[in-house]
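Structure first, commentary second.
The values are calculated or read from the model by the stated rules, or taken from the named source; none is laboratory data. Predicted model, so just to flag it, every value in this text is computed and none were measured. So basically every Cβ, Gly included, is an ideal-geometry build from the backbone, and we count neighbours across all protein chains shown. Quick note on the areas: whole protein, heavy atoms, side chains included, nothing else; ligands and nucleic acids left out. Shrake-Rupley method; radii C 1.70, N 1.55, O 1.52, S 1.80 Å.
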Amino acid sequence: MYKDRLIAVVIPSHNEAAHIADVIKSLPEFVDHAIVVDDCSDDDTSQAAQATGDPRVTILAPEVNQGVGGATILGYEHALKIHCDVIVKMDGDGQMPSEHLTDLLNAIVDQGFDYAKGNRFLAGESLSQMPKVRLFGNVVLTFMTKLASGYWHVFDPQNGYTAITARALRLLNLNQIHRRFFFENDMLVALNYFSLRVTDVAIPSRYGTEQSDLNPLHVGVTFPWLLLMRFVGRIYQRYVLRDFSPVALFLLLGLLLFFWGFGFGVYLWIETWITGRATPTGTIMLSLLPLILGFQLLLQAIVLDIYNTPR
C-alpha cells in the first residue's frame, strides 16, 4: 500500500516479451497488484510476465485484440473488482520510468486530484530524445485536445503514464471510451463531463529499441474528426444538459455569424471578380460585421470555457 491506499498498476501489452519482465521487476514494493493485459501478442509476453515469479502479477488475456484503450479498460475493471483505491496505467514497453510512480500518486493522495498524467514537455531532458515527428504531432494534438476536452491547463495528452482514483473511474461510462490509440484523449473528455480535477506531472520518457504501433497517417486522418465530435459532445453535456451556460449560446451564435459573414464575403468577392463591378460599402458591411461579431463571440466562449476548467 501507499499512504494507506491500495495500488494497482495496469500494464497493457502487445508483443512486449522483450520488455515486460523489466517493467514488472521495476515496480516499487508498495504496488499491491500488477495487472498485465496481454492483448493477443504473437510472442511470449504472458510467459515472460509469469516467469518473473512476482506474486502481485495477474495476467488477463482477451481472446480478441482490444487495442491499447480496450486492454487498459479491462485492467481498470479488474482493479475495481479487487477494490483498489488508485489505479496506475503503465505501458509494457519500458518507456515509463517506475521511479516517477510516486510523483503521480502524490498528486492524487496528497494534492487531491482525481487524475494525474505524465507530461514529457515539463521534463526538458526528454524533449531532446523525442523523435521530431512525434514532437510535432504532440504539439498539434495538444491544442486540439485542450479544445475538445476543456482541460486547457494540461499538455501532452498522448502521454499514457497516468493514475486515477477508483472513485473517479466508477463515475465514467467505460463502454463509451475509445478502445484504440485515441484512448488517452477520450479519457480527458470523459473526465470533464464530471468536472474531475486533472493535473500534469513532469515525467521524462525513455526511448530505446521498442517499436510503436501508432501510425502517424492514421492519427492525422482520424483524430481531428474524433476530437471535433468529442468537442460537440462535451459542450452539450457540460453547458446544455448538465448546467446551461452562456458558453453554448456564444458558440452557437458565434459560429452562425462567423460563417455567414465569411460565406457572404466569399460570394461578394467572386461576384466582383466575375462582373468587374465594385461592391458597395454597405453590402461589404453586411459581411464584415457578422464576421467580426461572430469571431468575438467565439473568443468569449473560449475564455469562459478556460475559466470553467476544473482545477
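Normalising the average separation of contacting C-alpha pairs (under 8 angstrom, six or more residues apart) by the number of residues puts the relative contact order of the chain at 17 percent. Of the solvent-accessible surface of the range 64-166, computed with a 1.4 Å probe and all protein chains present, 62% belongs to carbon and sulfur. Once the GluC sites (Glu not before Pro) in DSSP loops with at most 13 neighbouring Cβ atoms within 10 Å are cut out of the chain, the longest remaining piece is 64-311.
Against the empirical 2.2 N^0.38 Å (N residues), the range 9-79 has a Cα radius of gyration ratio of 0.99. For the chain, a Gaussian network of Cα nodes joined below 10 Å ranks TYR239, TYR161, TYR151 by mean-square fluctuation, and the top entry is TYR239. Out of every Cα-Cα pair that the range 60-102 contains, those further apart than 16 angstrom amount to 47 percent. In the range 262-303, one over the average inverse separation of all distinct C-alpha pairs is 11.3 Å, which is the Kirkwood hydrodynamic radius. Computed with a 1.4 Å probe over protein heavy atoms only, the accessible surface of the range 182-311 comes to 59 Å² per residue. Rolling a 1.4 Å probe over the protein chains gives TYR76 an accessible area of about 0 Å².
Evaluating 6.51 cos²θ - 1.76 cosθ + 1.60 at θ = phi - 60° for every residue in the range 271-277, the Karplus couplings come out as 4, 5, 5, 6, 8, x, 8 Hz, glycine and proline recorded as x. Please give the Cα centre distance for the range 1-50 versus the range 250-272, rounded to the nearest Å. One Cα centre to the other: 54 Å. For the range 7-49, the solvent-accessible area with a 1.4 angstrom probe is 36 square angstrom per residue.
Just to check, using Stokes-Einstein with a Kirkwood Rh over alpha carbon pairs, what's the diffusion coefficient of the range 1-137 at 20 °C and 1.002 mPa s in µm²/s?
D, rounded to a whole number, is 137 µm²/s.
Let me make sure I get this right: for the range 219-268, a, b and c are the square roots of the gyration tensor eigenvalues over alpha carbons, sorted descending. Under 1.5 in a/c it's rounded, otherwise prolate if a/b > b/c, else oblate. Which is it? Oblate, since a/c reaches 1.5 and b/c is not below a/b. In whole angstrom, the range 132-189 maps to an equivalent ellipsoid with semi-axes of 22, 12, 11, each derived as √(5λ) from the alpha carbon gyration tensor and ordered largest first.
As a fraction of the 1.4 Å probe accessible area of the range 261-308, surface on carbon and sulfur atoms comes out at 76 percent. Build a GNM of the chain with springs between Cα atoms under 10 Å apart, and of ASP103, ASP243, ASP22 the one that fluctuates most is ASP243. Considering only beta bridges that DSSP places wholly inside the chain, some 30 percent are antiparallel. Placing one equal scatterer on every Cα of the range 234-311 and applying the Debye formula, the log10 ratio I(q)/I(0) at q = 0.17, 0.18, 0.23, 0.26 Å⁻¹ is -0.68, -0.72, -0.95, -1.09. Where the alpha-carbon atoms of the chain are placed on the principal axes, they occupy 82, 38, 38 Å, in descending order.
As a test of reading the structure, rank PHE181, PHE143 by solvent-accessible area (1.4 Å probe, protein chains only), most first.
PHE143, PHE181
Pick from ARG197, ARG179, ARG167 the residue whose mean-square fluctuation is largest in a GNM of the chain, springs joining Cα atoms under 10 Å. The residue with the greatest mean-square fluctuation here is ARG167.
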